[in-house]
Amino acid sequence: FYHGSRIYCRVVHRLVVEGRENIPASREPGPLIVVCNHTAGLDPVLVQASVPFPIRFMMATKMRLPIFEVFWEWTEVISITTSGRDLGGLREALRHLQGGGVVGIFPEGSIERPPRVLTPFMAGTGILIGRSGARVLPIAITGTPYAAKAWGSLWRWSRSRLRVGPVVEFEPDTPAAAIVAQLQGWFEQETGWPIGTRTVPASSPTPTRSAGRG
């Protein structure tokens, strides 16, 4: 599957990876958290095809289509609710990291809508990084094909690009909000995209809004 996905990404999406020197060369670099912006359902495929180690991605439960359940189980996807009320996914991610594994997370919590506008990062990202003490590998994704349905991007041609940043280590006492702010700032700089706003249910706390550029 790994070699097939690399060929698929190279041929169909003409994938270019910048900053390969920042990717840990070990098959077991954990505990490590791979943090990516979320442009399309294609994103996990692009990222996994570009690194030499297996990643257990965290995925919103609503994105876990039953028709692909065998695949989700095979790749050991960690389901998580974006409401923050179910902490089972967070606990599973922490257990995997404590065992020396690698977890992939999309801190925006959903695919960017509209395209080329970053969604404010969710606080849970900073909590997971702070509690685990894991190193962080940031990867900015651009150039993926737009599709109305999340998985529609898998069937479209593109010129996708990954920009891999240096591994980041946060001090143990760094507040979760500070972790999120630093990471979000890096993605804003690397993509050149503004930060939009998040639509939340009335019962949920309103996130801090950051002014976008351009």
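The values are calculated or read from the model by the stated rules, or taken from the named source; none is laboratory data. For clarity, every value in this text was computed on a predicted model and none was experimentally measured. For neighbour counting, all protein chains shown are included, and Cβ atoms are generated from backbone atoms with ideal geometry for every residue, glycine included. Quick note on the areas: whole protein, heavy atoms, side chains included, nothing else; ligands and nucleic acids left out. Shrake-Rupley method; radii C 1.70, N 1.55, O 1.52, S 1.80 Å.
Structure data summary
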read-out: For VAL77, net neighbour charge (Lys/Arg +1, Asp/Glu -1) across residues whose Cβ lies under 11 Å away; value: -2
read-out: Scaled radius of gyration (Cα, divided by 2.2 N^0.38 Å) that the stretch 68-172 gives; value: 1.18
read-out: Loop-exposed GluC sites (Glu not before Pro) per DSSP, neighbour cap 16 Cβ within 10 angstrom, longest uninterrupted part of the chain; value: 77-168
read-out: Accessible solvent surface per residue of the stretch 17-56, calculated while the other protein chains remain in place, 1.4 angstrom probe, Å²; value: 34 Å²
read-out: Largest to smallest principal axis extent of the C-alpha atoms in the stretch 1-75, angstrom; value: 37, 32, 23
read-out: Whole-Hz couplings from phi, Karplus 6.51/-1.76/1.60, listed for the stretch 70-75; x for Gly and Pro; value: 4, 5, 4, 5, 5, 8
read-out: Charged-residue dipole, Cβ positions (Lys, Arg, Asp, Glu), the chain about Cα centre, Debye nearest 20; value: 620 debye
read-out: Sparsely packed chymotrypsin sites (Phe, Trp or Tyr not before Pro) within the stretch 1-69, loop by DSSP, other Cβ within 10 Å at most 15; value: PHE1
read-out: Added length on full extension, which subtracts the Cα-Cα distance from 0.36 nm per residue, LYS149 to ARG10; value: 47.8 nm
read-out: Residue with peak Gaussian network fluctuation, the chain [Cα springs, cutoff 10 Å], from THR61, THR119, THR81; value: THR61
read-out: Value at 222 nm in deg cm²/dmol, rounded to 500, when DSSP H runs of n ≥ 4 in the chain each add -39,500 (n - 2.57); value: -8000 deg cm²/dmol
read-out: Radius, Kirkwood style, for the chain when every pair of distinct Cα atoms is counted (Å); value: 17.4 Å
read-out: Net charge of Cβ neighbours under 14 Å - reference GLY143; Lys, Arg +1; Asp, Glu -1; value: +3
read-out: Largest to smallest accessible area among ASP43, ASP173 [probe 1.4 Å]; value: ASP173, ASP43
read-out: Environment charge of GLY109, counting only residues whose C-beta is closer than 11 Å and scoring Lys/Arg +1, Asp/Glu -1; value: 0
read-out: Length-normalised contact order of the stretch 75-160 in % [C-alpha pairs under 8 Å, at least 6 apart]; value: 19 percent
read-out: Part-to-part distance (alpha-carbon centres) for the stretch 1-79 and the stretch 127-187, which is given in Å; value: 12 Å
